[in-house]
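Student: Okay, handing you the structure first.
The values are calculated or read from the model by the stated rules, or taken from the named source; none is laboratory data. No experiment lies behind these values; they were computed from the predicted model shown. FYI the Cβ positions are ideal-geometry reconstructions off the backbone, even for glycines, and counts take in every protein chain you see. Please note that ligands, DNA and RNA were not included when accessible areas were found on the heavy atoms of the full protein model with its side chains. Shrake-Rupley method; radii C 1.70, N 1.55, O 1.52, S 1.80 Å.
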Amino acid sequence: MATKTTKTTKKSPARAKKDVKHVLFVASEAFPFAGTGGLGEVIGSLPKALNKSGEIEARVIIPLYQSFPQEERANLTFVTHITVPVAWRNQYCGLFEYEKDGVTYYFIDNEFYFRRSSLYGYGDDGERFAFFSRAVLELMPFLNWKVDILHCHDWQTALTPIYYKLYYMFSEPYKGVKTVFTIHNIEYQGQFSSDILEDVFGISFREYMSIEYHGCINLMKGAIDYADYISTVSPTYAEQIKTAEYAHGLEDVLNKNAGKLRGILNGVDVVTYDPATQPALFVNYDADSIEKKVQNKIELQKMLGLPVGENIPMIAMITRLVSHKGIDIVRHAINDILTRPVQFVVLGTGEGDHESFFKHLENLYETKVRARITFNKDLAHKIYAGADIFLMPSRSEPCGLSQMMACRYGTIPVVRETGGLKDSIPDCGDGDKGLGFVFSSYDSDSMRYAVERAIGLYTDYRDKWNGLVQRAIRADFSWNKSAREYLDFYKKVTE
Ligand code: GLC
């Protein structure tokens, strides 16, 4: 175990309120401090919602990345520093604390591992997150806060439940801690060559079976086996990942562990995604003033240099440009869709080939298409608010948050019936019910037909369309219901 050189050794665990369980969220990102997508949104909003219940206290621990806002660094409180073993290395590990919106955040500092321009994508990502996962455990005695549940998210933190069971669970103050592992996307499993088992992960070949899968190291597989409970981000995805079609090879491990798997749908931060108050919007509006929404389209058209016309249906995609997001069927269908009098705006980055396709499309359809190949939150809010139709034809989608954000802004989603899209967007039929346009078969014709239905309702039945817009804005995508389900889940975990 590590040698601890602490500045402040606060060893006596304190509990504010009896029976209030303490849940430590262990993750590689949390908005607004660091984020690349849905995971960051969830870690940045679920703990807040849980703490409001007063039934548990959730805190969050993430790496201190270079992206942490410079102006806020002065507000970080230094807690302690220790050294953490990464196999045979002993690495410096600083701990900082910060409170925001009723949540305590801990930041793990090691400039060698985390002071880099991106969060991921380095040759030593395995080592960086092995360090992080181990540091969480090593730091637990110094938090002055007894952890009841370690709630770990995605492969970057998969080693925490594994190390816990291998090396920590029988000693104080670790005894009795429960571990939960949440799968946000099963496609990214943390796979590495078995050569680095001892040298990087510090796990001996005797224990190889804990993280071995199909001849290589698979950290997510290890966490599924080792965590006390596992969850994923929608009920439908919880079922899907037990099948070969969706599990990216992990179906057997999930079937074996099916008894400890739950599916709980994410919510979104409805305060940030509120058209009545979001400062990035050109004009604010709510369900009772949807006539103002169109001003956002007009200003967006001007900003993007598109022809201005308030009745031109605007279709938007805000997405990572990767294949599971359904980009291939969009590429097949888009020329047909663009024969209609519509505008199409896409925002996001991803695979080079997809990026080039949309840039090329913009050149071909100067008056109809805009492709912004970037990650820009301010522009995202403006597009969510300005568009009429939000296209999300994912091949697989663990939960998906963009369809909920679009609804918050009264922009009607066209989605494929899969994962969390199925669980959050009921089909609107002929316009009098539901929240969007749903298609089930993963092919470009089915998608195009759903888009045509949306354009048809928008163009020919504007009263029904407006009713749909109001329903979407009023739909409850807050964390309230899901936070309740997590609270029940935590009760079960600690039973
Ligand atoms: C991942 C999934 C997405 C989900 C998000 C938050 O990004 O791909 O579907 O909404 O995690 O759980």
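Student: Determine ³J(HN,Hα), in whole Hz, for all residues of the stretch 256-270 in sequence, where each value follows from phi through the Karplus function 6.51 cos²θ - 1.76 cosθ + 1.60 and θ = phi - 60°; x replaces Gly and Pro.
Tutor: My calculation for the stretch 256-270 gives 4, 9, 4, x, 10, 9, 10, x, 10, 5, 5, x, 10, 6, 6 Hz in order.
Student: Roughly speaking, to the nearest percent, how much of the stretch 290-476's 1.4 Å accessible area is carbon and sulfur?
Tutor: 48 percent
Student: Ok, one more. Just to confirm, what accessible area per residue do you get for the chain at 1.4 Å probe, in whole Å²?
Tutor: Here the residues of the chain average 39 Å² of exposed surface.
Student: Considering Cα pairs under 8 angstrom that are at least six residues apart, work out the relative contact order of the stretch 290-476 and quote it in whole percent.
Tutor: Relative contact order here is 22 percent.
Student: Still on this model: So how far, in whole Å, is the C-alpha centre of the stretch 429-495 from the one of the stretch 122-199?
Tutor: The distance from the Cα centre of the stretch 429-495 to that of the stretch 122-199 comes to 36 Å.
Student: Separate question: List the lysines whose Cα lies under 22 Å from the Cα of Lys256, skipping any in the same chain that are fewer than 8 positions away.
Tutor: Lys165, Lys178, Lys221, Lys242, Lys492
Student: Also, quick follow-up: Which ³J(HN,Hα) values in Hz, rounded to whole numbers, follow from the phi angles of the stretch 306-313 under the Karplus curve 6.51 cos²θ - 1.76 cosθ + 1.60, where θ = phi - 60° and Gly and Pro get x?
Tutor: 9, x, 8, x, 6, 9, 7, x
Student: If you roll a 1.4 Å probe over the stretch 217-268 with all protein chains in place, what percent of the accessible area is carbon or sulfur?
Tutor: 47 percent
Student: Report the semi-axes of the equivalent ellipsoid for the stretch 360-404 in whole Å, largest first, where each axis is √(5λ) for an eigenvalue λ of the Cα gyration tensor.
Tutor: In descending order, the three semi-axes are 21, 15, 11 Å.
Student: Using only the Cα atoms of the chain, each taken as one equal point scatterer with no solvent, compute I(q) by the Debye sum, divide by I(0), and report log10 of the ratio at q = 0.10, 0.12, 0.13 Å⁻¹.
Tutor: So the normalised log intensities are -0.78, -1.08, -1.23.
Student: Rounded, prolate or oblate: which one fits the stretch 233-326, using the alpha carbon gyration tensor with axes a ≥ b ≥ c (rounded when a/c is under 1.5, else prolate when a/b beats b/c, else oblate)?
Tutor: It comes out prolate by the Cα gyration axes.
Student: Can you compute the modelled spin-label distance between Phe205 and Asn376, with each label point 7 Å from Cα toward Cβ, in nm?
Tutor: 5.4 nm
Student: Something else about it: From the phi angles alone, apply the Karplus equation (6.51, -1.76, 1.60; θ = phi - 60°) to the stretch 386-391 and give each ³J(HN,Hα) in whole Hz, x where the residue is Gly or Pro.
Tutor: x, 6, 9, 10, 10, 9
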